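The values are calculated or read from the model by the stated rules, or taken from the named source; none is laboratory data. Since we're looking at a predicted model, the values are computed, not measured. Heads up, the Cβs are rebuilt from the backbone with ideal geometry, glycines too, and the neighbour counts pull from every protein chain shown. For accessibility, only protein heavy atoms count, side chains too; no ligands or nucleic acids. Shrake-Rupley method; radii C 1.70, N 1.55, O 1.52, S 1.80 Å.
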Amino acid sequence: ILSATGIVNNIDGYMFPCITKSPYSIANNITCNDASTQVKKTLQYLAEAGIGVKNSSLQPTPYFPLRATLSKIFIDIEDEVPSKYYSPTIKDNIDFIKSIIENLQLYGIEVGIYTTKTYWANVMGNIKGYGNLKLWYPHYDNINNMDFFNGDDGIMPFADFNTVYIKQTGGNVVACGLTQVDSNYQEDK
């Protein structure tokens, strides 16, 4: 939503962190920064692009015009079996994601989780303790409602996530002349 000052508000950010212990990183000789550095570099990159994050202590410097303000940052937690982007050792992933979240919160940023029931089990071993974070759940049924989460298809509350904040309803849709856009639905809250 464009404000009177010309700044885009009420949008969320998305971060897919890099873990050195992933098979992809190892196979491609990629060394990822630690969680703290990844968070700081992400926020600096956003700031240099004129994108602030609500309540963040790291904001764009005055010589960069503020173009947008993110309400929160969602952490992408998705991987298949066998693991590709995360470590095959669940404890490594738990420690890493915990550090990413803690570092974002140190900057005053609200954090959300982008995952599914299956991805959460694959990467985080169904650990509880994150249900207080907003959940963005991809479920490509092209239906703008949240009925799927308590439905008969096995997608029901998991770990300690009890509600969905945003539902991703489809992938690679066309919007405003752009292709490969994911469609999302969010109920008024």
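Between Ile143, Ile127, Ile109, the distinction of being out of contact with any His (no Cβ under 6 Å at 6 or more places or on another chain), within 21 Å of Leu46 (Cα to Cα) and β-branched (Val, Ile, Thr) belongs to Ile109 only.
In summary, strands (runs of 3 or more DSSP E) completely within region 96-189 and bearing 3 or more residues that are more than 17 Å from the chain's Cα centre (by Cα) occur at 166-175, 178-185. Checked against (1) touching a Pro at 6+ places or on another chain (Cβ under 9 Å); (2) under 29 Å from Tyr24 (Cα atoms); (3) not polar (S, T, N, Q), Arg67 meets all criteria but (2).
Identify all residues within region 147-166 that are modelled with pLDDT of 90 or more and open to solvent by less than 90 Å² (accessible area, probe 1.4 Å); write none if there are none.
Listed by number, the residues that qualify are Phe158, Ala159, Asp160, Phe161, Val164, Tyr165, Ile166.
Return the residues of region 120-132 that are within 21 Å of Asp12 (Cα to Cα) and surrounded by fewer than 19 Cβ atoms within 10 Å (Cβ to Cβ); say none if nothing qualifies. Within region 120-132, Gly131, Asn132 qualify. Residue count for region 72-115 under the criterion of being open to solvent by less than 10 Å² (accessible area, probe 1.4 Å) and free of Cβ contacts under 8 Å to residues at least 24 places away in the same chain: the result is 0.
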